[in-house]
Amino acid sequence: MDVADSAVLLLAGFAAGLIGSVAGLASLFSYPALLAVGLGPVTANVTNTVAIVASSIGSTLGSSVELRGQSRRLRPLALSAAAGGATGAGLLLLTPADAFEAVVPWLIALASVLLLVAPPPSELAAHASAAAGPWLVLGIFVIGIYGGYFGAAAGVMMLALLLLATRDTTVRAIAAKNLLLGFANGIAALGFVLFGPVDWGAVVPLALGFLAGGRTGPAVARRTPPGALRLGVGLTGLGLAVYLAVETYA
């Protein structure tokens, strides 16, 4: 990993951490950057999951106000997210590399379309049910599996679920989403460190960028309407999906 590649990953990590902590689309920036510096699909995904834990640390540190009073609700959800992340990581390690490479464009496209067509978080919250119950725990587990396997837009899915199930404010749901994804990614990352092909030369600059971007994200979430941000990231994600599909299937 030379200086230029490290600089690319540092900048990509900052952008991914910033966008991911607000909109939940970190991997749409960081994963292509890892491919661009020469990592293979599975190595890039494993390396990305290990590095992205730093984003959750940064965003959690920046969300202490929003997380206040949520500990009782978040404890069982954190266990569910961690179990899902472990399951997703196991699936990834058992999936042939060629099969994973083939499915990545479709995962990115699905995540991007979801971002573009989903109602704004405030609208979701306005029509939500006050009940959470076991369905929320199960939903967090399923999203945790996806997060541990690949994770593009897992944050968007989790944010919508939290708003629908809890009727909480958007910024508090964003803070909870970042913490729960941190558990899912953290458990998956531990498995990848022990059994996966982690590229540590790429992890360090990417994680530093993630940490800084994730720490900045909560302040942005408090001040910025999500519409324009979601539109830009969604269109970028669709472009990346088309590019990767052409590279994979051409």
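Against the condition farther than 18 Å from Leu162 by Cα, at pLDDT below 90 and surrounded by fewer than 18 Cβ atoms within 10 Å (Cβ to Cβ), how does Ala97 come out, does it pass? Outline the logic, then answer.
Numbers: farther than 18 Å from Leu162 by Cα: yes; at pLDDT below 90: yes; surrounded by fewer than 18 Cβ atoms within 10 Å (Cβ to Cβ): yes.
Answer is yes for this residue.
Tell me, please, whether a residue that is among the hydroxyl-bearing types (Ser, Thr, Tyr), crowded, with 24+ Cβ neighbours inside 10 Å and modelled with pLDDT of 85 or more can be found in segment 63-81. Within segment 63-81 (the criterion being among the hydroxyl-bearing types (Ser, Thr, Tyr), crowded, with 24+ Cβ neighbours inside 10 Å and modelled with pLDDT of 85 or more), the answer is yes, since at least one residue qualifies. Pairs are defined by a Cβ separation below 6 Å, a sequence spacing of at least 6 or placement on different chains, a first member in segment 1-23 that is touching a residue at least 60 places away in the same chain (Cβ under 8 Å) and more than 22 Å from Gly151 (Cβ to Cβ), and a second member that is surrounded by fewer than 20 Cβ atoms within 10 Å (Cβ to Cβ) and of a type in the set (Asp, Glu); no pair meets this definition.
Which of the residues spanning segment 49-76 are assigned to a loop (DSSP other than H, G, I, E, B) and among the charged types (D, E, K, R)?
Filtering segment 49-76 down to residues assigned to a loop (DSSP other than H, G, I, E, B) leaves 62-63, 68-70.
Passing the criteria: only Arg68.
Residue by residue, here is whether (1) within 14 Å of the chain's Cα centre (by Cα); (2) under 28 Å from Val171 (Cβ atoms); (3) at pLDDT 95 or above holds:
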position: Val3; (1), (2), (3): no, no, no
position: Leu11; (1), (2), (3): no, yes, yes
position: Ala16; (1), (2), (3): yes, yes, no
position: Ala26; (1), (2), (3): yes, yes, no
position: Ala51; (1), (2), (3): yes, yes, yes
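Candidates are the residues of segment 147-174 that are over 13 Å from the mean Cα position of the chain (by Cα) and more than 21 Å from Gly133 (Cβ to Cβ); the one that is surrounded by the most Cβ atoms within 10 Å (Cβ to Cβ) is Thr170. Note on segment 232-243: residues that are under 22 Å from Arg172 (Cα atoms) and modelled with pLDDT of 70 or more total 0.
Looking at Gly147, Gly209, can you tell me which residue is in contact (Cβ under 8 Å) with a residue 12 or more places away in the chain and touching a Phe, Trp or Tyr at 6+ places or on another chain (Cβ under 8 Å)? Steps first, please.
Details: Gly147 fails: touching a Phe, Trp or Tyr at 6+ places or on another chain (Cβ under 8 Å).
Unique residue meeting the criteria: Gly209.
The values are calculated or read from the model by the stated rules, or taken from the named source; none is laboratory data. Quick caveat: nothing in here was measured; it's all calculated off a predicted structure. All Cβ positions, even for glycine, are placed from backbone atoms using ideal geometry, and neighbour counts span all protein chains on display.
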